[in-house]
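Visitor: Let me give you the structure first, and then I'll get to my questions.
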């Protein structure tokens, strides 16, 4: 299964894209990959750890603005901005998490909503620093140690490699004992705390990590599209990412990926509907909560799938009985 | 300190706070009864404003009729919202489901989804630019009161809000339906055992709360003269802030905190540009959640 996905992402899809050779398809593929990363990071914080996070797009924006400002003001290339935007986003998330991590469920959700809005207002109004609504034009494309990677195919490969590495990392995090601890926090954090799981510390770590990945996605977006503005990081984008995770199944990484692909590619496929894209997001989210509350690929099915396919990490005794993650 | 400019800002802040109070009451009522945040409340506000606008452009009636139309649309919208987004998640009435967090989360997400659908539908039907209200209907003819210049809108908003608050107080304390609302918000299972029809009570709560929200929408629309589909989002958040600040189940607390919020916001605009004035509300929210988790006036809550 991992071999199949690897072939699909790194060989089959680029071959298809190269054969059509239309810039627009490359854009869609890169957009879909970036949102796969965003929804995987959202899966980590909302699906696995149970922290309903309504401000994720703001950290995505922090990463993108970091990348853009580093490039335009300090002339740093992608090699530097990729890790730095992730680190800055993680730092901001850490500062945000310090006061808010003891809040539960709805209060935490609205606190993250407020934080997201505050960050958006800063991006919009602090014109001297972030150029406000005009946005920033990112002058350098993707490149690695001076080697320019801004051709269409090389852009695709760069984005694909970064996204796949990050998704594998998130996968290892969520399908391990660490992930089990996060799930226990999601189910009942008082109980987990009583059992010795360091609840607050784990919540903070998860929040910071997911913001790191969102920041990485932000720098990919900034260098790929060459122009960012505050409108890309509004509350509605957070809701889009949340909808992706919910539709795919809360707590399931393959589900989050499927949800991301669905919610990005479906509006493209139904281009004729034009303005109806946002209504569709809301309608799809509503219908999936109503009729498929466990999502398209629910958590239990996903865990079973992962154990079967990626069973290398699943330890077995000599007669084949599974006894836990390695 | 008694500079007429500050008095004026105070008056503006008071009327702004009154509209937030109307929103916050609806929010608090619904939260008290269902223990779930209604994300679509801001959209009810917008629907009220648009209903008034449509009536004005279609049939130019007197202002009172416009307000009544907004109330009616608000009541209907509240009813349909409850049936659509909240009722299907109450179909399981066993003990485990009632206390389950997943149930509450899915209700929250469904109201969020419905709010998105409604807002986008309004944008498609009416376009996303600001629509202006025809001149005769704007309630901002200035009125001189001593050293301060207020507008008629301030008085109208104050009057309507006061009337609605008094009406709500009457409803909650002197009528049977108000009694059942208070019973259900206190203890839903107990109210059911005693024979109160929880379903009807919840519908009634939604209707009353949405009427107040829609009234807030039309009043603000007529006051500022600008009506656009995204106008409900920020007041919805501010209503939530007022509710949390006031202590979650306390209506007078929510009203007082909404007034405080309105006044602080209008005072803040004297120092910073209006783009930043929304930060006041968000800042208050964060401060309240961290330092006053039970709100300023609320009874103790188990976990915040």
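All of the numbers you see were taken from the coordinates with simple rules; none came from a lab. Computed from a predicted model, the values in this text were never measured in an experiment. Backbone-built Cβ (ideal geometry, glycine too); neighbour counts: all protein chains shown.
Visitor: Would you calculate a helix-derived [θ] at 222 nm for the protein assembly as shown, using -39,500 (n - 2.57) for each DSSP H run of n ≥ 4 and dividing by the full residue count, to the nearest 500?
Guide: -23000 deg cm²/dmol
Visitor: Specify whether the C-alpha gyration tensor of the range A:20-75 places it in the rounded, prolate or oblate class, a ≥ b ≥ c being the square roots of the eigenvalues: rounded for a/c under 1.5, otherwise prolate if a/b is larger than b/c and oblate if not.
Guide: Here the range A:20-75 falls in the oblate category.
Visitor: Please sort A:276-289, A:294-307 by packing, taking for each peptide the average over its residues of neighbouring beta carbons within 10 angstrom, highest first.
Guide: Descending mean neighbour count gives A:276-289, A:294-307.
Visitor: Quote to one decimal, in nm, the extra length available between residue A:19 and residue A:94 on full extension: 0.36 nm per residue of separation minus the C-alpha distance between them.
Guide: Stretched fully, the residue A:19-residue A:94 segment lengthens by 22.5 nm.
Visitor: Between helix B:41-59 and chain B, what is the angle of the helix's C-alpha long axis to the longest principal axis, kept within 0 to 90° and rounded to the nearest 10?
Guide: 50 degrees
Visitor: Counting partner chain Cβ atoms within 10 Å of every residue's Cβ in A:279-286, what's the average?
Guide: Taking the mean over all residues of the peptide, I get 6.
Visitor: Take peptide A:105-113, look around each residue's Cβ out to 10 angstrom, count Cβ atoms belonging to other protein chains, and average those counts.
Guide: Counting Cβ atoms of other protein chains within 10 Å of each residue's Cβ and averaging gives 6.
Visitor: Which peptide among A:24-31, B:79-86 comes first, and what is the full order, when sorted by highest mean count of other Cβ atoms within 10 Å?
Guide: With the highest mean Cβ count within 10 Å placed first, the list reads B:79-86, A:24-31.
Visitor: Could you state the principal axis extents of the C-alpha atoms in the range A:67-113, from the largest down, to the nearest angstrom?
Guide: Ordered largest first, the range A:67-113 gives principal extents of 41, 15, 13 Å.
Visitor: Right, here's the next one. What percentages, rounded to whole numbers, describe P(r) for the range A:2-111 computed over all alpha carbon pairs with 10 Å bin width beginning at zero?
Guide: Whole-percent P(r) values from 0 Å outward: 12, 31, 30, 21, 5, 0.
Visitor: Plugging the Kirkwood radius over Cα pairs into Stokes-Einstein for the protein assembly as shown, at a temperature of 10 °C and a viscosity of 1.306 mPa s, what D comes out in µm²/s?
Guide: 61 µm²/s
Visitor: Let me ask something else about it. Per residue of B:282-292, how many C-beta atoms from partner chains lie within 10 Å of its own C-beta, taken as a mean?
Guide: Per residue, the number of nearby Cβ atoms from other chains is 4 on average.
Visitor: May I ask you to compute the full-extension gain from residue B:60 to residue B:3, defined as 0.36 nm times their residue separation minus their alpha-carbon distance, rounded to one decimal in nm?
Guide: Residue separation times 0.36 nm, minus the Cα-Cα distance, leaves 16.5 nm.
Visitor: So if I take the centroid of the Cα atoms in the range A:141-204 and the same for the range B:239-260, what is the distance between those two points in Å?
Guide: Computed from Cα coordinates, the inter-centre distance equals 38 Å.
Visitor: May I pose another question? Which whole number of Å³ per residue matches the convex hull of the alpha-carbon atoms in the range A:181-280?
Guide: 127 Å³
Visitor: Let me check the size of chain A from its C-alpha atoms; what are the radius of gyration and Dmax in Å?
Guide: 19.5, 66
Visitor: Would you calculate the separation in nanometres between label points at residue A:165 and residue A:188, each defined as 7 Å from the Cα along the Cα-to-beta-carbon direction?
Guide: Spacing of the two 7 Å Cα→Cβ label points: 4.1 nm.
Visitor: While we're here: Cα atoms only, the range B:4-231: Rg and Dmax in Å?
Guide: 18.9, 62
Visitor: Please state the relative contact order of the range B:4-231 as a whole percent: Cα pairs under 8 Å, 6+ residues apart?
Guide: Relative contact order, the range B:4-231: 44 percent.
Visitor: Where does helix B:4-34 land angle-wise versus the long Cα axis of chain B, in degrees 0 to 90, nearest 10?
Guide: 20 degrees
Visitor: What does the highest-first list of B:40-51, B:282-293 look like by mean Cβ count within 10 Å?
Guide: Those peptides, ordered most packed to least, come out B:40-51, B:282-293.
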